[in-house]
Amino acid sequence: MPLLIVAAIVALYLLSSIKVLNEYERGVIFRLGRVRNTAKGPGIIWVLRPIDQMVRVTLRQEAMEVPSQDVITRDNVTLKVNAVITLRVVDPTKAVIEVANYIYQTSQFAQTTLRSVLGEVDLDGLLAHREQLNIRIQSIIDGHTAPFGVKVVSVEVKQVDLPESMLRAMAKQAEAERERRAKIIHAEGEFNAAAKLVDAAALMATQPMTLQLRYLQTLTEIGVEKNTTIVFPLPMELMNLLNKTFTPGAPVMPADATPHKEE
């Protein structure tokens, strides 16, 4: 009977010593306070308590949000910037024995790095080259976390909160830029139109009849609009004749008079 009791106690002890680790988990074993060489798992492992103690570490990627930070850019603009960091443990043993909490440690590194890196660029550089800044922040944080077995996979600047006054100034700047481009395009159109008109005038000067044809075409276009206005084109030669006729001091010649030569 005592032998059965002992056997039952041993069996229960062995059953309680069996631990199952998932595919994404590793177990860091401490035997009498000293860490084993390699982490155990996945699958079934033995943890002989109280001699052994196990710390579970997950190898899956973890997303960590960096709290909003007050950043002063190089051109003295105050912003609130937050980011999202994706990290994973590559060495479970170092992640357990090198730092007390690798998540908290990475978060602190991320906050200081975010402020220092974004403070070195101006506002336009921050808004235009965000991808390059993400890569730079990632490399710096990864350099800090590599000694305790954590790999920073990616860093993304999530949101940039601008002051209300800065938003109004940027809107005015964008509006002024649009107006400038519109005026330049309009001036270029006027210049091209004037150049084409000069070419057309030079071409019409070689054939005066083309001007009369343009008059007739204009009358045709006006008639299509179904209006009651009738436009009669006045030849420029008639205007020149009237100008010479009514110019003070100019001789007026009768219609039936013919010029003669004095002897």
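Computed from the coordinates by the stated procedures, all read-outs in this text should not be read as laboratory data. This is a predicted model, so every value here is computed, not measured. Positions of Cβ are backbone-derived with ideal geometry, glycine not excepted, and every protein chain shown enters the neighbour counts.
A simple rule links phi to the HN-Hα coupling: the Karplus curve 6.51 cos²θ - 1.76 cosθ + 1.60 with θ = phi - 60°, which for the stretch 191-203 gives 5, 5, 5, 5, 5, 5, 5, 4, 5, 5, 5, 5, 6 Hz, with x for Gly and Pro. Using +1 at the C-beta of Lys and Arg and -1 at the C-beta of Asp and Glu, which of GLN212, ASN192, ALA202 has the Cα lying farthest in the positive direction of the dipole of the stretch 167-214? After comparing all options, I get ASN192.
Show me the GluC sites (Glu not before Pro) within the stretch 140-226 that DSSP assigns to loop and that have at most 15 other Cβ atoms within 10 Å of their Cβ. Within the stretch 140-226, the qualifying GluC sites (Glu not before Pro) (loop, at most 15 other Cβ atoms within 10 Å) are GLU225. Restricting the trypsin sites (Lys or Arg not before Pro) of the stretch 4-85 to loop positions (DSSP other than H, G, I, E, B) with no more than 16 neighbouring Cβ atoms within 10 Å leaves ARG36, ARG60, ARG74. Mind sorting out which of (1) 1.17; (2) 1.57; (3) 1.00 is the real Rg/Rh (Cα atoms, Kirkwood Rh) computed from the coordinates? Calculated Rg/Rh (Cα atoms, Kirkwood Rh): the matching label is (2). The base-10 log of I(q)/I(0) for the stretch 167-214, evaluated at q = 0.22, 0.27, 0.31 Å⁻¹, reads -0.78, -0.90, -0.99 [Debye formula, identical scatterers on Cα atoms, solvent excluded]. Measuring between their Cα centroids, the stretch 130-177 and the stretch 44-92 lie 18 Å from each other.
Applying both filters, DSSP loop and at most 15 other Cβ atoms within 10 Å, to the chymotrypsin sites (Phe, Trp or Tyr not before Pro) of the stretch 1-66 gives TYR24. Label sites at ARG60 and ILE97, each approximated as a point 7 angstrom past Cα along Cα to Cβ, lie 2.7 nm apart. Of all the options VAL55, VAL117, VAL160, the one that moves most in a Gaussian network model of the chain with Cα springs shorter than 10 angstrom is VAL55. Think of the chain as having a plus end and a minus end, set by charges on the Cβ of Lys, Arg, Asp and Glu; of VAL84, GLY27, GLN53, GLN53 sits farthest toward the positive end of this dipole. A simple charge model with +1 on the Cβ of Lys and Arg, -1 on the Cβ of Asp and Glu and nothing else charged puts the dipole of the stretch 167-214 at about 200 debye relative to its Cα centre. Taking other Cβ atoms within 10 Å as a rough exposure proxy, LEU87, LEU59 sort from fewest to most as LEU59, LEU87.
The phi torsions of the stretch 76-90, fed into the Karplus equation with coefficients 6.51, -1.76 and 1.60 and a -60° offset, translate into couplings of 6, 10, 8, 10, 10, 10, 10, 8, 10, 10, 10, 9, 8, 8, 9 Hz, rounded to whole numbers, with Gly and Pro shown as x. Placing one equal scatterer on every Cα of the stretch 1-130 and applying the Debye formula, the log10 ratio I(q)/I(0) at q = 0.09, 0.12, 0.14, 0.18 Å⁻¹ is -0.47, -0.66, -0.76, -0.97. For the options ALA205, ALA171, ALA128, a Gaussian network treatment of the chain with springs between C-alpha atoms closer than 10 Å singles out ALA205 as fluctuating the most.
Model label points for LEU203 and LEU12, set 7 angstrom from Cα along the Cα-to-Cβ axis, are 10.9 nm apart. Basic side chains Lys and Arg get +1 at the Cβ, acidic Asp and Glu get -1 at the Cβ, and with that the dipole of the chain about its Cα centre reaches some 2080 debye. Residues whose amide H falls under 5 Å from that of SER154, counting only those 5 or more places apart or on a different chain, are THR86, with hydrogens built in the peptide plane. What lysines sit close enough to LYS183 to cross-link, taking a C-alpha to C-alpha distance under 25 Å and skipping anything fewer than 8 places away on the same chain? The reachable lysines, counting only those whose Cα sits under 25 Å from LYS183, are LYS172, LYS196. Computed from backbone phi, the HN-Hα couplings of the stretch 171-185 come to 5, 5, 4, 5, 5, 5, 5, 5, 5, 4, 5, 5, 5, 5, 5 Hz, rounded to whole numbers (Karplus: 6.51 cos²θ - 1.76 cosθ + 1.60, θ = phi - 60°; Gly and Pro given as x).
Over the chain, with a Gaussian network built from C-alpha contacts below 10 Å, which listed residue (GLY119, GLY223, GLY143) shows the highest mean-square fluctuation? Evaluated over the chain, the most mobile residue of the options is GLY223.
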